[in-house]
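A short write-up of the structure that comes next.
The values are calculated or read from the model by the stated rules, or taken from the named source; none is laboratory data. Just so it is clear, the structure is predicted and the values come from calculations on it, not from any experiment. Cβ placement follows ideal geometry from the backbone for every residue including glycine, while neighbour counts extend to all protein chains displayed. Protein only, heavy atoms only, side chains kept; ligands, DNA and RNA dropped before computing areas. Shrake-Rupley method; radii C 1.70, N 1.55, O 1.52, S 1.80 Å.
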Amino acid sequence: MKISTKGRYGLTIMMELAAKFGEGPTSLKSIAEKNQLSEHYLEQLIAPLRNAGLVKSIRGAYGGYILAREAAEITAGDIIRVLEGPISVVDFTEEDDPAKRDLWLRIRDSIADVIDSTTLEYLISFEEHGGKENYMFYI
């Protein structure tokens, strides 16, 4: 399964709104500028998120968008399913081999477990641990 720009940019929108939760509405223009994305494209993505009840729109001069629920209550899975559709690695319903069908189902379920247990709150408070160490080289 490959997440398209719809899913990736939709997650970006939601993370930006989560980071500003409680501070009032955030404009798509400010999100687009901060992340160097097309405001027009973000407008296309926000509609399904609003229709799914994940965001609310606020009209007016200082309007924009806010999360409909707290960041801890919205998962990456909620967002990705709205924008990308159901999680599927392959069309396993046509698979004749039971061993391969089982493999595809386990992969799908593993992906679902990860995205459904990853909240916006976790994503915006993420700190990289370990990772690459900074080395200083002297010559």
Summing +1 per Lys or Arg and -1 per Asp or Glu among the other residues with Cβ less than 15 Å from G77's Cβ gives -2
Total charge of the residues flanking G53 in space, meaning their Cβ is under 15 Å from its Cβ, with Lys and Arg +1 and Asp and Glu -1, is +1
Given a 1.4 Å probe, the accessible area of the chain per residue, as a whole number of Å², is 68
Once both label points are put 7 Å beyond Cα along the C-beta direction, the I107-F126 separation in nm becomes 2.2
Counting as exposed only chymotrypsin sites (Phe, Trp or Tyr not before Pro) in DSSP loop states with no more than 15 other Cβ atoms inside 10 Å, the longest exposed-site-free span of the chain is 63-125
Averaging 1/r across every pair of distinct alpha carbons in the chain and inverting yields a Kirkwood hydrodynamic radius, in angstrom, of 17.0
Under 30 Å between C-alpha atoms, the lysine pairs in the chain lying 8 or more places apart or on different chains count 19
Net charge near I124 (other residues with Cβ under 12 Å of its Cβ; Lys, Arg +1; Asp, Glu -1) is -3
The percentage of the accessible area of the chain (probe 1.4 Å, all protein chains present) made up of carbon and sulfur atoms, to the nearest whole number, is 51
Between E70 and E33, Cβ-based FRET efficiency (R0 35 Å, step 0.05) works out to 0.85
